[in-house]
Amino acid sequence: MTNSKKLVVGNLKMNPVSVVEFDRYLDMLEKELKGKEFEKTEIVVCPPIVYLQKLLDRKLKNVKAGVQDVFWEYQGAYTGQISAGMVKSVGATFAIVGHSERRKYFGENEEIINLKLKAILKNGLNAVLCVGESEEERKKGQTSQVLKKQLSGSLAGIAPGKLEYISITYEPIWAVGTDKIPTSDEILEAKIIIKKTIAEIFSVRSAEKIRLLYGGSIHSQFVEQVCLDPAMDGGLVGRESLQSYEFVKIAKMIDDN
Ligand code: PGA
């Protein structure tokens, strides 16, 4: 992993609805990627776990495979769970952790996210750690407090040397799945809070080096506003990653920047 590169992650969430559709999606993605070079950018696709092997088998040029979640234990009687070690063993290299939908629907808190993050790193995967405030928290002026709490809880006990395997994604909850986009100033504010917090927990050098992504309603027409600031290192794309044309276009815009 080279964290000097930019990163564009497609979070397919619980889509598409069948393996036939997933195959079609891969066909389209392959077609869109054909003839395009990505010199500065890593592209990662995180499909539902049942399609992961299909993605790996395609060996798409410039595309790495990731997962949307892992469990923190290595193995054992944990019905329905998948370990980071298993993910690593099939050849995937990235895992999303701390996504707001996992926090909201599955009750994941900082303690759980911290356990998962440690398992991801211990097993040699790269983590895409999501943080972000709700609309209510923003209105109450609690953005800074929330981001700091999420970062310090999620990153507790992580060795500074592991930071190069972590990309922090600022995903304001009010922008996920809504078509609401933060202003450049709001992103700048979040970026400063995140970098400052990393500097406080680790060091100024760590804050400078860590990859910082934006996530939440990324469309190609908004890429400039949310991802192209020189201090941003890419994006986490939800719905638009299902549209291979849009996804590749977004990745290309970030790579060309
Ligand atoms: P969205 O999702 O792009 O559909 O808003 C982003 C995400 O949840 O990662």
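What follows is calculated from the coordinates using simple rules that are stated; it is not laboratory data. Please read these numbers as outputs of a predicted model, since none were measured by experiment. Cβ placement follows ideal geometry from the backbone for every residue including glycine, while neighbour counts extend to all protein chains displayed.
Using the Kirkwood radius built from alpha carbon pairs, what does the Stokes-Einstein equation give as D for the range 116-257 at 4 °C and 1.567 mPa s, in µm² per second? It would help to have the intermediate numbers written out before the result.
Working: Rh = 15.5 Å.
In µm²/s, the coefficient rounds to 84.
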What are the ³J(HN,Hα) couplings of the range 160-173, residue after residue, when phi is run through the Karplus curve with 6.51, -1.76, 1.60 and θ = phi - 60°? Round to Hz, x for glycine and proline. x, x, 8, 4, 5, 9, 10, 10, 8, 10, 7, 10, x, 4
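What translational diffusion coefficient, to the nearest whole µm²/s, does the range 34-91 have by Stokes-Einstein, given a Kirkwood radius computed over alpha-carbon pairs, a temperature of 20 °C and 1.002 mPa s viscosity? Don't skip to the answer; put the middle values down first.
Details: Rh = 12.9 Å.
The calculation lands on 167 µm²/s.
Order these by the 10 Å Cβ neighbour count, fewest first: 138, 24. Write out the running numbers ahead of the final one.
Working: 138 18, 24 13.
In order of increasing Cβ crowding within 10 Å: 24, 138.
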Sum up the charges of everything whose Cβ sits under 11 Å from the Cβ of residue 115, counting Lys and Arg as +1 and Asp and Glu as -1, but leave residue 115 out. -1
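What share of Cα pairs, in percent, lie more than 13 angstrom apart in the range 191-251? Before the final figure, lay out the partial values.
Numbers: 1134 of 1830 pairs.
Percent of Cα pairs beyond 13 Å in the range 191-251: 62.
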Normalised by the residues of the chain, what does the relative contact order come to in percent, with Cα pairs under 8 Å and at least six apart? 22 percent
D (µm²/s, integer) via Stokes-Einstein for the range 1-130, Kirkwood Rh across alpha-carbon pairs, 25 °C, 0.890 mPa s: value 160 µm²/s
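Which order do 79, 169 fall in if you start with the one that has the fewest other Cβ atoms within 10 Å?
Numbers: 79 4, 169 28.
In increasing order of surrounding Cβ atoms, one gets 79, 169.
Using only alpha carbon pairs under 8 Å that are at least six residues apart, calculate the relative contact order of the range 96-239 and give it in whole percent.
Numbers: 220 pairs, mean separation 31.8, N = 144.
The normalised contact order for the range 96-239 reaches 22 percent.
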Hey, if you drop one equal point scatterer on each alpha-carbon of the range 1-59 and run the Debye formula without solvent, what base-10 log of I(q)/I(0) do you get at q = 0.18 Å⁻¹? -0.70
Build a GNM of the chain with springs between Cα atoms under 10 Å: which of 59, 13, 140 gets the top mean-square fluctuation? 140
Search the structure for amide H atoms under 5 Å from the amide H of residue 12, placed 1.01 Å from N in the peptide plane, and list their residues when 5 or more places away or on another chain. 46
If the chain were replaced by its equivalent ellipsoid, with semi-axes equal to the square roots of 5 times the Cα gyration tensor eigenvalues, what would those be, largest first, whole Å? 26, 22, 17
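Return the calculated 222 nm mean residue ellipticity for the chain, to the nearest 500 deg cm²/dmol, obtained by summing -39500 (n - 2.57) across DSSP H runs with n ≥ 4 and dividing by the residue count.
On the way: 11 runs with 108 residues, N = 257.
Calculated mean residue ellipticity at 222 nm is -12500 deg cm²/dmol.
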Residue 36: net charge of surrounding residues, Cβ under 15 Å, Lys/Arg +1, Asp/Glu -1, itself excluded? -1
Starting from the amide H of residue 42, placed 1.01 Å from N in the peptide plane, find each other amide H under 5 Å away whose residue is 5 or more places distant or on another chain. 6, 7, 8
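Just round it to a whole percent: the fraction of Cα-Cα distances in the range 74-129 exceeding 13 Å.
Details: 927 of 1540 pairs.
Roughly 60 percent, once rounded to a whole number.
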Per residue Cα convex hull volume in Å³ - calculated over the range 112-166: 75 Å³
Label 7 Å along Cα→Cβ of residue 17; the range 35-56 residues with amide nitrogen under 20 Å? 47-52
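Can you put 99, 219 in order of Cβ neighbours within 10 angstrom, beginning with the fewest?
In increasing order of surrounding Cβ atoms, one gets 219, 99.
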3J(HN,Hα) from dihedral phi, the range 73-84, Karplus parametrisation 6.51/-1.76/1.60, rounded to Hz, x for glycine, proline: 6, 7, 6, x, 7, 10, 3, x, 9, 10, 8, 5
Please list 3J(HN,Hα) in residue order for the range 111-121, calculated via the Karplus relation 6.51 cos²θ - 1.76 cosθ + 1.60 where θ = phi - 60°; whole Hz, with x for glycine and proline. 5, 5, 4, 4, 5, 5, 4, 5, 5, 4, 5
Under 5 Å between amide hydrogens, which residues at least 5 positions from residue 126 or on another chain qualify, with H placed 1.01 Å from N in the peptide plane? 94, 95
Relative contact order for the range 160-257 using alpha-carbon pairs under 8 Å, separation at least 6, rounded to a whole percent? 30 percent
